[in-house]
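Here the structure comes first, spelled out in structure tokens, and everything after it is commentary.
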Amino acid sequence: MPVQLGLVGKPNTGKSTFFSAATLTEVKRAPYPFTTIDPNVGVAHVKIRCVCRELGVKDNPRNSICIEGWRFIPVELIDVAGLVPDAWKGRGLGNRFLDHVRRASALVHVIDASGSTDEEGRPVKPGTYDPLRDVEFLERELDMWMFQLLKKDWDKMAKVMDLKKDYEELYSRFSGLEISREAVLAAIEELGLHAKKTVNWSDEDILSLVRLVRKRAKPIVIAANKADVDPAEDNIKRLKEELKGRYIVVPTSAEAELALKKAAKAGLIRYIPGDSDFEVVGKLTRKQEEALEYIREKVLKRYGSTGVQDALDKTVFDALGMIAVYPVENENKFTDHKGNVLPDVYLLPPGSTARDLAYMIHSDLGERFAFAIDAVTKRRLSADEQLKHRMVVKIVLSR
Ligand SMILES: Nc1nc2c(ncn2[C@@H]2O[C@H](COP(=O)(O)OP(=O)(O)OP(=O)(O)O)[C@@H](O)[C@H]2O)c(=O)[nH]1
Ligand SMILES: [Mg+2]
């Protein structure tokens, strides 16, 4: 199953534009709240330096794409409906979109850094709404929503758990949110809640548990969007300062990324997602030229890129701490059995071992796993050895 990332935030911040730019699929976008109702699901890519160049090989990617030495690895992106204050109580489109958050491993919180939308996503004069307020609001919505899910039949559930002296009921509630029992137990112990009978947990206790589990299980990266609109520049500085150590903040201009991708697709410019500039290679109309020059001045020169690629990469590699690993069958030629060079790249959670990689490819490979070889150094890797980012790995099976 691919890694899933959810685009969340209040209405009208540019989630669908971000989605469109990242997946190059057309979806409805408009300058008013609740444009998106049903979620859009698509394939985006995270980017790494491909090992092909340093290994001096020409690769034949199969599950991913290699462009000029950059490997793009697919992830699933979900663009959900906008969230308004008290959505957890059913306001706005209510819990519908929160349900989609369930499946995501991490969230990209798209905020309007230009301050041109109020807390409900209604347009206001740029610079008049403080985007910092959006950050706290999302946390509260997620926590209250999870709290509410747990509180349903809580008393009955707590009695059962005390009787059985375990937390099974709680684990199963959280597992619906793709949160592991280990994560839940660790949080219970860290908060000292295991010292109390479950029936005696206060609402405050439950809320602290939810908060801690949610922070670890669903990391959030902030895409400070509409970075091209002038008041955004100062806001972004402030956001970075205020949220230092708590959040990764990436300035983005989804609108600019979408325009660049479309221009590249039409053969007008040469542009690789994440690049700090583009090169004109086709015949531009005066209007196109002006639009592209605007993007160069207001976005690329200011921030170094449109940020869309960077936000996805930081979510997967920094917030989730995932690693990308290339499995191969021939450790000398770096090929699969058909002779494809560096065909696949897999994204693995931090701490994954060679055996985990084998299981991820196929349960059969996992079961027959004997040992692995680091194809670059030819060093033997034991089943429990942790893999590193950008490793090329040959799995050796037992007979
Ligand atoms: N200037 C600027 N405008 C943007 C940017 N990204 C999105 N917009 C505009 O913001 C408005 C809202 O964009 P959408 O992508 O529809 O926003 P959304 O968050 O999906 O909205 P809902 O579906 O209603 O929650 C549109 O008019 C976009 O053109 C950006 O980076 N810069
Ligand atoms: Mg939308």
With the requirement that a residue be free of Cβ contacts under 8 Å to residues at least 12 places away in the same chain and on the phi < 0 side of the Ramachandran plot, what does the stretch 141-153 give you? Lys152
Can you find a residue in the stretch 76-93 that is more than 15 Å from ligand 1 (Cβ to nearest atom) and closer than 30 Å to Thr335 by Cβ? yes
For the stretch 334-390, the count of residues that are open to solvent by less than 80 Å² (accessible area, probe 1.4 Å), in a helix (DSSP H, G or I) and in contact with a helix residue (DSSP H, G or I) (Cβ under 7 Å, 6 or more places away or on another chain) equals 3
So the check is Cβ under 8 Å with 6+ separation or different chains; which pairs have a first residue in the stretch 191-204 that's surrounded by 12 or more Cβ atoms within 10 Å (Cβ to Cβ) and a second one that's of a type in the set (Ser, Thr, Tyr)? Leu191/Ser208; Thr198/Tyr167
Give me a count of the residues in the stretch 2-38 that are open to solvent by 40 Å² or more (accessible area, probe 1.4 Å), on the phi < 0 side of the Ramachandran plot and more than 9 Å from ligand 1 (Cβ to nearest atom). 4
Filter the stretch 117-156 for residues that are assigned to a loop (DSSP other than H, G, I, E, B) and within 16 Å of ligand 2 (Cβ to nearest atom); which is nearest to Ile206 (Cα to Cα)? Glu120
Scan the stretch 86-99 and report the pairs whose first residue is within 14 Å of Phe137 (Cβ to Cβ) and assigned by TED's automatic domain parsing to the domain that holds Pro33 and whose second residue is among the acidic types (Asp, Glu) and at pLDDT 75 or above, with Cβ atoms within less than 7 Å and a gap of 6+ or a chain change. Ala87/Glu141; Trp88/Glu141
Could you list all residues from the stretch 8-40 that are of a type in the set (A, V, I, L, M, F, W, C) and touching a Leu at 6+ places or on another chain (Cβ under 7 Å)? Val8, Phe18, Phe19, Ala21, Ala22, Phe34, Ile37
I want to confirm something. Restricting to the stretch 178-190 and keeping residues that are out of contact with any Ser or Thr (no Cβ under 8 Å at 6 or more places or on another chain) and surrounded by fewer than 19 Cβ atoms within 10 Å (Cβ to Cβ), which single residue is modelled with the lowest pLDDT? Ser180
Considering Pro251, Pro219, which residue is under 19 Å from the mean Cα position of the chain (by Cα) and away from ligand 1 (no atom under 16 Å from the Cβ)? Pro219
Residue check, Ile37 of a type in the set (A, V, I, L, M), under 17 Å from Val308 (Cβ atoms) and touching a residue at least 40 places away in the same chain (Cβ under 8 Å): no
Restricting to the stretch 157-175, count the residues that are farther than 9 Å from Thr198 by Cβ and part of a loop (DSSP other than H, G, I, E, B). 2
Extreme residue, farthest from ligand 2 (Cβ to nearest atom), among residues of the stretch 49-86 that are small (Gly, Ala, Ser) and surrounded by fewer than 20 Cβ atoms within 10 Å (Cβ to Cβ): Gly56
So in the stretch 368-393, with the set limited to residues that are in contact with a Leu (Cβ under 9 Å, 6 or more places away or on another chain) and of a type in the set (D, E, K, R), which one is farthest from Val316 (Cα to Cα)? Arg368
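The values are calculated or read from the model by the stated rules, or taken from the named source; none is laboratory data. Predicted model only: the values in this text are computed from it and were never measured. Quick reminder, even Gly has a Cβ in these numbers, built from the backbone with ideal geometry, and neighbours come from all protein chains shown. With ligands, DNA and RNA removed, areas are computed over all heavy atoms of the protein, side chains included. Shrake-Rupley method; radii C 1.70, N 1.55, O 1.52, S 1.80 Å.
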